[in-house]
Amino acid sequence: MLPKPLPIREIRVENDSTKTFILDGDLSARPGQFVMVWLPDVGEKPFSLAEAAPISLSIAAVGTLSVALHQLQVGDFIWVRGPLGHGYELPTASAQRVWLIGGGYGIAPLHFLAKQLLQAGHHVTVIMGGRTQANLMFEAAFAELGVPVYMTTEDGSAGLQGRVTVAMQQLLTEKPDMMYACGPTGMLVAIAQLGEAENIAFQLSWEAHMRCGIGLCGSCEAGAGWLTCLDGPVFNFNPL
Ligand SMILES: Cc1cc2nc3c(=O)[nH]c(=O)nc-3n(C[C@H](O)[C@H](O)[C@H](O)COP(=O)(O)OP(=O)(O)OC[C@H]3O[C@@H](n4cnc5c(N)ncnc54)[C@H](O)[C@@H]3O)c2cc1C
């Protein structure tokens, strides 16, 4: 699968570090799947789909490739190959109560997932966390979907003070049937521990250093020989 050049149709500034790039192209993909994004002479890295049609990517400026992507303008090209990996599975039974838990830019693929869960008749609650209010995003997008949103910030500048687990503990009086999460490793580990302790099923999207994205190079191997690019990035267990 060769990278396909796609022009940027629109760029939305989400917060002080993250922009969403909407490309002129569609994919048939599940929430939780990712694409490899390449800029010639800069590099190639995986990014989760924030939407598949049109292809949308929410990218935080943290290093070489992501900062270069943030310098692009509408009409510039991004090279994309995908969709890749294993996405989130929707519940098979109807009217399931689900929590979507996102940290930082991890909230973006969960918005894509929320639309499909609502369409299938499930009850969605969103819990989003960040270090500070400026790290949160997609509040308005979830409000448009009409789902309850609980925010947490470590400095207390928005929502509850603390990490997402503070809101989860408060909401536990009505346990969900499934937790879906995407965000930093520490957050995912805490969710896996809570899921195991409270007997709640979970599906977590893990990050790893990826080079090929298609199971050949082995650079994203997680514990027990699992490849994050091929067997994940969404796992319904803790692969660490
Ligand atoms: C399956 C998958 C999906 C991903 N989806 C997204 C996505 O939707 N949006 C997105 O922005 N990124 C996503 N990433 C991360 C992305 O692939 C890159 O790793 C990230 O953009 C950093 O690459 P870089 O070249 O800009 O930085 P590099 O030059 O590789 O890193 C520069 C420095 O930043 C640090 N760093 C790397 N990532 C972060 C971070 N998140 N926060 C703080 N410091 C960091 C590195 O440790 C390094 O010290 C995903 C990764 C995976 C595996």
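Quick one: how many residues across the range 92-112 are under 18 Å from the mean Cα position of the chain (by Cα) and away from the ligand (no atom under 13 Å from the Cβ)?
Looking only at that region, the number is 4.
Are any residues in the range 144-163 under 24 Å from residue 119 (Cβ atoms) and not aromatic (Phe, Trp, Tyr), and if so, which ones?
Correct list: 144, 145, 146, 147, 148, 149.
If I filter the range 172-181 for residues that are in contact (Cβ under 8 Å) with a residue 24 or more places away in the chain, outside any helix (DSSP H, G or I), of a type in the set (Lys, Arg) and crowded, with 18+ Cβ neighbours inside 10 Å, do I get at least one hit?
No, the conditions are met nowhere in the range 172-181.
From the list 143, 201, which one is closer than 24 Å to residue 57 by Cβ, of a type in the set (A, V, I, L, M) and not assigned by TED's automatic domain parsing to the domain that holds residue 13? Reasoning before the result, please.
Numbers: 201 fails: closer than 24 Å to residue 57 by Cβ.
So the residue among 143, 201 that is closer than 24 Å to residue 57 by Cβ, of a type in the set (A, V, I, L, M) and not assigned by TED's automatic domain parsing to the domain that holds residue 13 is 143.
Only strands (runs of 3 or more DSSP E) wholly contained in the range 12-55 count here; list those with 2 or more residues that are within 13 Å of the ligand (Cβ to nearest atom) and hydrophobic (A, V, I, L, M, F, W, C).
34-39
Name every residue in the range 182-193 that is of a type outside the set (Gly, Ala, Ser) and touching a residue at least 24 places away in the same chain (Cβ under 8 Å), in order of residue number.
182, 184, 185, 187, 188, 189, 191
Scan the range 142-161 and tell me whether some residue there is farther than 30 Å from residue 230 by Cα, more than 13 Å from the chain's Cα centre (by Cα) and within 16 Å of the ligand (Cβ to nearest atom).
Among the residues of the range 142-161, at least one is farther than 30 Å from residue 230 by Cα, more than 13 Å from the chain's Cα centre (by Cα) and within 16 Å of the ligand (Cβ to nearest atom), which makes the answer yes.
The values are calculated or read from the model by the stated rules, or taken from the named source; none is laboratory data. Just so it is clear, the structure is predicted and the values come from calculations on it, not from any experiment. Cβ coordinates were reconstructed from backbone atoms using ideal geometry, including for glycine residues, and neighbour counts include every protein chain displayed.
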